[in-house]
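Data first, discussion second: the structure below is written as structure tokens.
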Amino acid sequence: MPSEFKQQLLLTTDGHCSYCGKKIAEGERWHMDHIIPRCRGGRWKNNLTPSCERCNLRKGGSKPEEFRVRIKEKAYKIVASILPDLEELFKFIPDEDAEVIISDYSNILDYISQTSISFYLDDGGEQ
């Protein structure tokens, strides 16, 4: 694709990644992402959107809704993996402090479970 088209595409998001909303700096590498991946039939020109390199590589061949699920699952796994370390910590702190920590920990897991992932363009480019 010609560079003029690429620059026009970047303007559609005011220079932001369509997914995380990160401002793409002048000269920074970014990708023209196929919203519906090419491997899944998304070959038309109006299927392109600006994406930072990190988001596009993580999205891979998934559709946006599948990408949302993967982000959420990863966040949940990261937080859930902390539990063994917390249990180790509980040996060294008062029980009432452990109760507060486990309550906060549970709240974080609940929040992740109940929160929907929104991309930059979902909010009309405002986050």
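From the residues in segment 27-49 that are touching a Gly at 6+ places or on another chain (Cβ under 9 Å) and either assigned to a loop (DSSP other than H, G, I, E, B) or not hydrophobic (A, V, I, L, M, F, W, C) (or both), which one is surrounded by the most Cβ atoms within 10 Å (Cβ to Cβ)?
This residue is HIS34.
When the residues of segment 69-105 are narrowed to those that are of a type in the set (Val, Ile, Thr) and not in a helix (DSSP H, G or I), which ends up farthest from TYR120 (Cα to Cα)?
So, considering only residues that are of a type in the set (Val, Ile, Thr) and not in a helix (DSSP H, G or I), the one farthest from TYR120 (Cα to Cα) is ILE93.
Residues in segment 50-59: is at least one part of a helix (DSSP H, G or I), in contact (Cβ under 8 Å) with a residue 40 or more places away in the chain and among the charged types (D, E, K, R)?
Yes; the residues of segment 50-59 include at least one that is part of a helix (DSSP H, G or I), in contact (Cβ under 8 Å) with a residue 40 or more places away in the chain and among the charged types (D, E, K, R).
Please state which of the following conditions SER116 fails to meet, knowing it meets all the rest: (1) surrounded by 11 or more Cβ atoms within 10 Å (Cβ to Cβ); (2) among the small types (Gly, Ala, Ser); (3) under 13 Å from the mean Cα position of the chain (by Cα).
With (1) surrounded by 11 or more Cβ atoms within 10 Å (Cβ to Cβ); (2) among the small types (Gly, Ala, Ser); (3) under 13 Å from the mean Cα position of the chain (by Cα) applied to SER116, the lone miss is (1).
Against the definition (acidic (Asp, Glu), within 25 Å of GLY41 (Cβ to Cβ) and assigned to a helix (DSSP H, G or I)), how does GLU66 come out, yes or no?
yes
Every residue in segment 1-47 that is touching a residue at least 60 places away in the same chain (Cβ under 8 Å), of a type outside the set (Ser, Thr, Tyr) and either on the phi < 0 side of the Ramachandran plot or in contact with a helix residue (DSSP H, G or I) (Cβ under 7 Å, 6 or more places away or on another chain) (or both), please.
HIS16, CYS17, CYS20, GLY21
Any read-out appearing in this document is the output of simple, stated calculations on the displayed coordinates, not a laboratory observation. Just so you know, these numbers come straight off a predicted model, no measurement behind them. Cβ sites come from the backbone with ideal geometry, for glycine too, and all protein chains shown count toward neighbours.
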